[in-house]
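The values are calculated or read from the model by the stated rules, or taken from the named source; none is laboratory data. Remember, it's a predicted structure, so these values are computed and weren't measured experimentally. Every residue, glycine as well, gets a Cβ built from its backbone with ideal geometry; the counts of neighbours run over all protein chains shown.
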Amino acid sequence: MTNNKQQITLVTSLIGAAIVVIAPQPATAISPETINQTAQEITVLIDGINPGSGVMVSRESNRYFVLTAGHVVATEDEYTIVAPDGQKYYLDYSTVQQLPGVDLALLQFISDRDYPVATLANYNYSTKFRNIFVFGWSSVRGNLTMPTSQFSPGLLIRKNFALTHAQDPISQGYELFYTSKTEIGMSGSPILDSSGRV
């Protein structure tokens with residue numbers, strides 16, 4: 001009987017240890033300077049009729065996937081994706097995927113260069129406010145010949161609280177509301193949390 005009891009205790013201890021190892025660990029906050037550096041490495045400039053920004057969210061071999069606002073690439077035109085190192089890539093518009101019901105689009109470009117991609121997070125939006133950071137390429141009066149990067153801290157506001165202040169967020173599927181200051185050219189910019197995740 002004692003041998004069985006010891007085996008059960010050992011199995012229970014091992015299962016408990018496995019749960020501790022497997023359980024997702026909460027993300028730890030990092031400095032705004034580190035978040036800014038991360039944002040600069042994953043954010044692209046999208047040059048076209050409606051200049052905007054985007055974030056590299058995935059990579060398959062030498063194909064990169066960029067998430068941006070759908071209205072940035074709403075019309076078929078010539079677009080250039082400018083990577084964080086300044087390298088320019090022509091956007092093949094036939095590969096643009098407009099996501100249904102939301103103002104989002106997924107773009108692709110091919111590069112042999114090694115670029116980091118965003119770490120994505122899955123959130124529970126029960127918190128009324130959350131610290132966030134927006135990074136993107138702003139333009140002065142729509143002129144992207146001299147784009148400047150902008151890093152803007154703010155708060156993510158819960159949807160039901162923000163709806164009282166928004167004009168028409170529902171028609172385009174907007175779910176996130178924040179207080180960060182953004183400029184022309186920053187549509188499609190990544191919103192990063194205090195751990196540098198999108």
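Search the stretch 179-198 for residues that are of a type in the set (K, R) and pair each with any residue that is surrounded by fewer than 17 Cβ atoms within 10 Å (Cβ to Cβ) and part of a loop (DSSP other than H, G, I, E, B) when their beta-carbon atoms are under 7 Å apart and the residues are at least 6 apart or on different chains.
Filtered contacts from the stretch 179-198: R197/A27; R197/T119; R197/L120; R197/A121.
Taking D85 as the residue in question, decide whether it is loosely packed, with under 11 Cβ neighbours inside 10 Å and part of a loop (DSSP other than H, G, I, E, B). Talk me through it step by step, then tell me what you get.
On the way: loosely packed, with under 11 Cβ neighbours inside 10 Å: yes; part of a loop (DSSP other than H, G, I, E, B): yes.
Yes: the conditions hold for D85.
Which of the residues spanning the stretch 68-82 are touching a Gly at 6+ places or on another chain (Cβ under 6 Å) and part of a strand (DSSP E or B)?
Matches in the stretch 68-82: T68, A69.
Give the residues of the stretch 88-124 that are more than 15 Å from L67 (Cβ to Cβ) and either among the β-branched types (V, I, T) or assigned to a strand (DSSP E or B) (or both), sorted by residue number.
Once the filter is applied, which keeps residues that are more than 15 Å from L67 (Cβ to Cβ) and either among the β-branched types (V, I, T) or assigned to a strand (DSSP E or B) (or both), the stretch 88-124 yields K88, Y89, Y90, I110.
Examine the stretch 126-145 for a residue that is at pLDDT below 85, part of a strand (DSSP E or B) and exposed (fewer than 13 other Cβ atoms within 10 Å of the Cβ), and state whether such a residue exists.
Scanning the stretch 126-145, I find at least one residue that is at pLDDT below 85, part of a strand (DSSP E or B) and exposed (fewer than 13 other Cβ atoms within 10 Å of the Cβ), so the answer is yes.
Say we look at the stretch 53-70 and pick out the residues that are surrounded by fewer than 20 Cβ atoms within 10 Å (Cβ to Cβ) and farther than 12 Å from Q97 by Cα; which of these is nearest to the chain's Cα centre (by Cα)?
Among them, the one singled out is V57.
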